[in-house]
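To start, the structure under review is shown below, and the notes come after it.
What follows draws every value from the coordinates through simple rules; no lab data is involved. Owing to the predicted nature of the structure, the values given are computational and were not obtained by experimental measurement.
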Amino acid sequence: MEQRVSEPTPEDLQDLARRFLVVDALMRLHLGRPLLRDTTDLTALQELLDLGVLDAERTIELQCLGVVFGLLLVEAVEGLEWTIVEDELGRTPALHFAGTSLLVFPVTMISKRVEEGEPVHVAALFARLCASLEELKRRAD
């Protein structure tokens with residue numbers, strides 16, 4: 001099946017919101033604070049990882065961290081928006097700049113690294129990705 005990109009449906013948006021709430025609940029339980037939807041949440045995501053709250057076997061929750069990571073990217077990089085990519089593996093949330101074919105998959109950025117035993121430095125990953133996306137946006141203009 002060829003990759004197909006479309007706008008998120010209301011159900012897709014509800015799923016993203018549900019995943020956000022999973023991370024909010026984890027933060028309240030383990031860190032004693034809610035998500036704030038600003039870059040301080042990057043530190044909180046790192047704290048959850050450093051505490052070992054989510055090991056490599058907890059893919060769903062790790063991907064929920066990726067949704068929060070993606071929401072923060074949308075806030076930080078003007079022009080990024082959620083989209084849905086559908087292929088033979090199913091439907092996956094992604095980010096893209098309108099009118100381009102560039103796709104970024106934040107949902108799995110953290111989970112894949114944890115599952116592969118790589119160290120995850122959330123703020124550094126975020127900063128590198130923001131810089132790369134801003135550069136790509138400048139080139140496209």
Compute the separation of the alpha-carbon centres of region 87-104 and region 1-79 and state it in Å as a whole number.
17 Å
Taking θ as phi - 60°, what are the ³J(HN,Hα) couplings along region 45-61 by the Karplus curve (6.51, -1.76, 1.60), each to the nearest whole Hz, with x for Gly and Pro?
4, 4, 4, 4, 5, 5, 6, x, 4, 10, 8, 4, 7, 9, 4, 4, 5
Vicinal HN-Hα couplings computed from phi for region 19-29 (Karplus, 6.51 cos²θ - 1.76 cosθ + 1.60; Hz; Gly/Pro x)
5, 4, 5, 4, 5, 4, 5, 4, 5, 4, 5
On C-alpha positions alone, give me the angle between the axis of helix 122-140 and the longest principal axis of the chain, in degrees, nearest 10.
10 degrees
In Å, what Rg and Dmax follow from the Cα atoms of the chain?
14.9, 45
